[in-house]
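The values are calculated or read from the model by the stated rules, or taken from the named source; none is laboratory data. Model, not experiment: these values are computed from the prediction. A quick note on method: Cβ atoms are made from the backbone with ideal geometry, for glycine too, and the neighbour counts reach across all protein chains shown. SASA here: full protein model, heavy atoms, side chains in, ligands and nucleic acids out. Shrake-Rupley method; radii C 1.70, N 1.55, O 1.52, S 1.80 Å.
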Amino acid sequence: MAMDLKQKEFVAHGSVQQILEVAWAGNWYEWRDRGNTYGASTVLVRVPLLLWIVVLHLFAPYSKSGEYYSLPVNRMINYLASYAVFLVVLTWANNLDKTAIECTGDRLGLVLRTIIVLYAAMFMVRTVKLVIVQGPRRFFSMLWNVYDCVKLCMLAATAVCWWMSYANPHDPPIERKYWPSSDPTLVGEGLLAVVTVMSFLRLLFLCQLSYSLGPLQVSLGKMTTDFARLAAVFGIIIVAFTAGLCRFYQYYEGMTHVDPDTGYETKQDESFVNVYSTLKTLFWGVFCMTSSTAGTVVIENAAADDGEKAAPVYNHYVTQAVGTLLYSVFQTLSVIVTLNMLIATMTNTFQRVTGNSYVEWVFGRTEVFLSFSMHSALPPPLNILPSVHCVVEVFAYLSNCCKASSVGFVNMISSKKYHADSYPDNAFRELMHKLSRRYFRHRQRPTDVRMCFPACG
């Protein structure tokens, strides 16, 4: 509840963190004392041990070793070890040889894609389980979970493209350059490239465990929010100028003027001839990557008929002045005003985070603690395997559901004499009663002291 309500000072309190660290790592003091190098080496060593952890989880989940590997910190290490294999497979599949006529017949590519699809399916199973355990509202309130859902949707779309390419191969096989742009293989490769980038960026979430990297990761997240806010302002600006300039120079598209004296050719820039070229010119103009002649109007030479003098060609100075003026105003608003405002906002955000770096770091670290505490002991794709622990949990869950349904029916019958807003949880009432008694006891303590020592009063 404190994490949901962003009570950072409460979460960063020493007593709270002491309880969390004990629940996180148990008696594994080496993990607390050593640095990031020890943690990275532990993850690499854990990769070949995943098979042993699977055997323990299947047949001896309540043994001493099974409980040790079920600690939240070991759940995180197991997840990272499996995730490292997933990243290697993604990178390998993304860098396969694409010079072959048909990529669907590659046996290595088929194996890698099968592994990726298996990982994707088990990631989806884990996501559904977390939604059930935490509830949709709490689950989607964390932006990293939304990020994972987007990544999984793209992985699912990639798998569909692969299935379409295997189900409908080119017959006869043709070279890649003759494929249509909407070919499933091409679309799948594009989606896979995006998924690979997103999967590596997911490691930024773990930077919150480090005291030196944690505040930087928090600053990065808050700066992304600042950018999203100012992106709305920038979007309005760029849409406004695109609407005014999208076809302003359409008539001059493709025109070339040849100087009769020097023979020098000047070609009209494709800046404001259609919507796409206008958006491209305005967007890259923010980064000073467009030509300085974007607003120049070029009129081609007049064609002279046989025996007749060519008609005079005039420069359209008014059109050129309006186009250049609007483009200059856009550069002023976007680069000088909006971009500097974004820099100032990000600087202010970074200063606020670094000024309260310890609390921000502890709060981000606690977010990682709670996230991996919800995970199962086996990471994807090993979570497909059932175990004794799983059977016991399912049986306990079903028995609790039966008890809850019977108790709920009794409460439903007897709730008519209570107000609709009354809280039926006795534990909550008992907790509030104890908190109230402690509050009044602290309020009465100074009065009791003055009554016992009137001379001091």
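Is it true that THR127 is part of a helix (DSSP H, G or I), open to solvent by less than 20 Å² (accessible area, probe 1.4 Å) and among the polar types (S, T, N, Q)? In short, yes. A search for C-beta distances below 7 Å between a residue of segment 39-55 that is open to solvent by less than 50 Å² (accessible area, probe 1.4 Å) and any residue that is of a type in the set (A, V, I, L, M, F, W, C) and at pLDDT below 85, counting only pairs 6+ apart in sequence or on different chains, returns LEU50/LEU382; VAL54/LEU378; VAL54/LEU382; VAL54/LEU385.
For segment 180-208, the set of residues classified as among the hydrophobic types (A, V, I, L, M, F, W, C), closer than 22 Å to ILE116 by Cβ and open to solvent by less than 80 Å² (accessible area, probe 1.4 Å) consists of LEU186, VAL187, LEU191, LEU192, ALA193, VAL194, VAL195, MET198, LEU203, LEU204, PHE205, LEU206, listed by residue number. Quick one: is ILE116 in a helix (DSSP H, G or I), buried (at least 18 other Cβ atoms within 10 Å of the Cβ) and of a type in the set (A, V, I, L, M)? Taking the combined requirement at face value, the residue satisfies it. Here SER165 meets each of (1) closer than 25 Å to TYR358 by Cβ; (2) touching a Pro at 6+ places or on another chain (Cβ under 7 Å) with one exception, condition (1). When each of VAL73, VAL85 is tested for being farther than 30 Å from ILE174 by Cα, open to solvent by 50 Å² or more (accessible area, probe 1.4 Å) and assigned to a helix (DSSP H, G or I), the lone residue that passes is VAL85.
Looking only at segment 332-375, residues that are closer than 25 Å to SER210 by Cβ and not aromatic (Phe, Trp, Tyr) come to 24 in all. Looking at segment 1-46 only, could you name the residues that are of a type in the set (D, E, K, R) and modelled with pLDDT under 80? Within segment 1-46, GLU30, ARG32, ASP33, ARG34 meet the criteria.
Report yes if some residue within segment 182-197 is modelled with pLDDT of 85 or more and under 30 Å from THR354 (Cβ atoms); otherwise report no. Yes: segment 182-197 contains one or more residues that are modelled with pLDDT of 85 or more and under 30 Å from THR354 (Cβ atoms).
Going by the structure shown, is GLY254 more than 23 Å from THR345 (Cβ to Cβ), part of a loop (DSSP other than H, G, I, E, B) and out of contact with any Cys (no Cβ under 8 Å at 6 or more places or on another chain)? Taking the combined requirement at face value, the residue satisfies it.
Of all the listed residues (THR224, THR256), the sole one being among the polar types (S, T, N, Q) and open to solvent by 50 Å² or more (accessible area, probe 1.4 Å) is THR224.
For segment 114-124, does any single residue satisfy the condition of being under 21 Å from PHE200 (Cβ atoms) and at pLDDT below 90? No, the conditions are met nowhere in segment 114-124. Within segment 322-339, residues that are within 11 Å of PHE241 (Cα to Cα) reach partners that are polar (S, T, N, Q) and not in a helix (DSSP H, G or I) with beta carbons closer than 9 Å, at six or more positions or on different chains, in the pairs GLY323/SER271; GLY323/THR296; TYR327/SER271; TYR327/THR290. Counting residues in segment 146-169 that are part of a loop (DSSP other than H, G, I, E, B), more than 30 Å from LYS6 (Cβ to Cβ) and in contact (Cβ under 8 Å) with a residue 12 or more places away in the chain gives one or more. ASN400 - would you say it is modelled with pLDDT of 80 or more, more than 25 Å from LYS6 (Cα to Cα) and open to solvent by 30 Å² or more (accessible area, probe 1.4 Å)? Against the criterion (modelled with pLDDT of 80 or more, more than 25 Å from LYS6 (Cα to Cα) and open to solvent by 30 Å² or more (accessible area, probe 1.4 Å)), ASN400 does not qualify. In segment 135-145, the residue that is nearest to the chain's Cα centre (by Cα) out of those that are part of a helix (DSSP H, G or I) and not basic (Lys, Arg) is TRP144.
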